[in-house]
1. Out of the residues in region 268-281 that are among the charged types (D, E, K, R) and not in a loop (DSSP other than H, G, I, E, B), state the one that is surrounded by the fewest Cβ atoms within 10 Å (Cβ to Cβ).
2. I'd like to verify a number: residues in region 65-76 that are open to solvent by less than 30 Å² (accessible area, probe 1.4 Å) and more than 11 Å from A104 (Cα to Cα), how many?
3. Name the helices (runs of 4 or more DSSP H) wholly within region 148-267 that hold at least 1 residues that are modelled with pLDDT of 90 or more and among the acidic types (D, E)?
4. Taking the stated definitions as given, is R196 in contact (Cβ under 8 Å) with a residue 24 or more places away in the chain and in contact with an Asp or Glu (Cβ under 8 Å, 6 or more places away or on another chain)?
5. Could you grab me the full set of residues in region 219-247 that are over 35 Å from the mean Cα position of the chain (by Cα) and either loosely packed, with under 12 Cβ neighbours inside 10 Å or of a type in the set (V, I, T) (or both)?
6. Among (1) touching a Lys or Arg at 6+ places or on another chain (Cβ under 9 Å); (2) within 23 Å of T95 (Cα to Cα), where does R142 come up short?
7. Restricting to region 282-299, count the residues that are surrounded by 15 or more Cβ atoms within 10 Å (Cβ to Cβ) and assigned to a loop (DSSP other than H, G, I, E, B).
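The values are calculated or read from the model by the stated rules, or taken from the named source; none is laboratory data. As the structure is a computational prediction, the values presented were derived from the model and not from experiment. Backbone-built Cβ (ideal geometry, glycine too); neighbour counts: all protein chains shown. The protein model used for the area step is the full one, side chains on, heavy atoms only, and it has no ligands, DNA or RNA in it. Shrake-Rupley method; radii C 1.70, N 1.55, O 1.52, S 1.80 Å.
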Amino acid sequence: MKSISKTAIVASASLVVCLAASVILLRRVDRIRPQATLDEVLYISSPKVLKRASLGYDGLMADIYWTRAVQYFGHRHFLYSRSYNELAPLLEITTHLDPHLLVAYQFGASFLAPKPPNGAGQPQRAVELMEYGIQNNPDEWRLYYNLGFVYYMELKDYAKAAEAFERGSKVPNAHPFLKVMAAQMAQHAGEFETARALWTATYQTTQDRQIRANALEHLRALRVDEDVFHLQELVNEYQQKIGIAPSNLNDLVAMGMLSGIPVDPDGHAYKLTADGRIEVSEPDEFPFITEGLPPGYKPAPPKFHVQP
């Protein structure tokens with residue numbers, strides 16, 4: 001009983017010290033720039049200054065700045081913003097304070113790389129972040145995967161993507177699909193099946209709910225993009241054969257080109273416009289689609305939420 005009591009006292013004292021330290025850290029940071037605006041106060045641009053202010057609690061300070069990065073991204077994303085000027089510095093400071101905070105690299109790349117409003121539209125900064133993560137965590141195969149993902153999805157640099165997957169495949173205990181993806185980059189770069197394989201791998205190799213939700217939304221979007229692409233091919237083929245555009249998709253069914261009216265993953269039928277374009281009936285349900293959008297359409301932000 002005395003041993004248990006002593007352990008409880010030590011744990012309680014440690015908790016009090018940590019809480020007190022976090023308060024001191026925040027006060028020291030806030031004193032440095034007391035007149036800053038809300039966006040400006042989110043970060044101090046020098047990791048060296050923060051290290052001095054942290055009094056040795058680098059890990060605690062990194063957690064604070066990671067939380068601020070997530071809050072900043074979530075706030076800008078909620079406002080449907082097209083600028084995320086503070087995001088990259090926040091992530092860089094976080095990872096310099098704690099180079100082994102893996103979640104900051106994995107989520108950080110997905111924050112930085114996609115085009116607005118789904119991200120900051122800074123894929124090169126995402127690459128730099130991932131390379132820094134690999135430099136400090138060379139045996140984490142998921143970092144190589146995330147790097148290859150950015151090269152493939154955002155930069156369309158399939159050679160660099162293949163190189164990243166190949167590097168990751170040599171890491172001890174790396175997932176076997178890295179070797180497969182490296183080979184696919186050379187043979188099937190840019191195809192729907194390759195993108196589907198990447199998002200499926202993302203879904204299957206993480207237990208994080210937000211990452212899985214993001215992967216599922218992209219898989220749904222890929223299904224829609226592929227449907228629209230093939231339907232548009234059929235519409236063009238019909239027009240070449242008949243000499244006029246079909247008036248609706250039933251014309252394609254009557255010609256035996258379709259077995260029925262195709263629907264999206266939510267069961268909504270695709271539309272054929274008067275000018276011969278295939279459109280998605282409910283585009284707001286698929287925030288990551290690139291095909292079948294009405295002219296001038298502005299997508300709504302994705303419905304899943306990112307949490308720290």
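1. K271
2. Qualifying residue count, region 65-76: 2.
3. Ranges flagged: 158-169, 209-242, 249-254.
4. Spelling it out, it is not the case that R196 is in contact (Cβ under 8 Å) with a residue 24 or more places away in the chain and in contact with an Asp or Glu (Cβ under 8 Å, 6 or more places away or on another chain).
5. Q240, K241, I242, G243, I244, S247
6. With (1) touching a Lys or Arg at 6+ places or on another chain (Cβ under 9 Å); (2) within 23 Å of T95 (Cα to Cα) applied to R142, the lone miss is (1).
7. Looking only at that region, the number is 8.
Each row is one residue, and each column tells you yes or no for (1) buried (at least 19 other Cβ atoms within 10 Å of the Cβ); (2) free of Cβ contacts under 8 Å to residues at least 40 places away in the same chain; (3) within 30 Å of T290 (Cα to Cα).
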residue	(1), (2), (3)
A88	yes, no, yes
L97	yes, no, no
K156	no, yes, yes
A159	no, yes, yes
E163	no, yes, yes
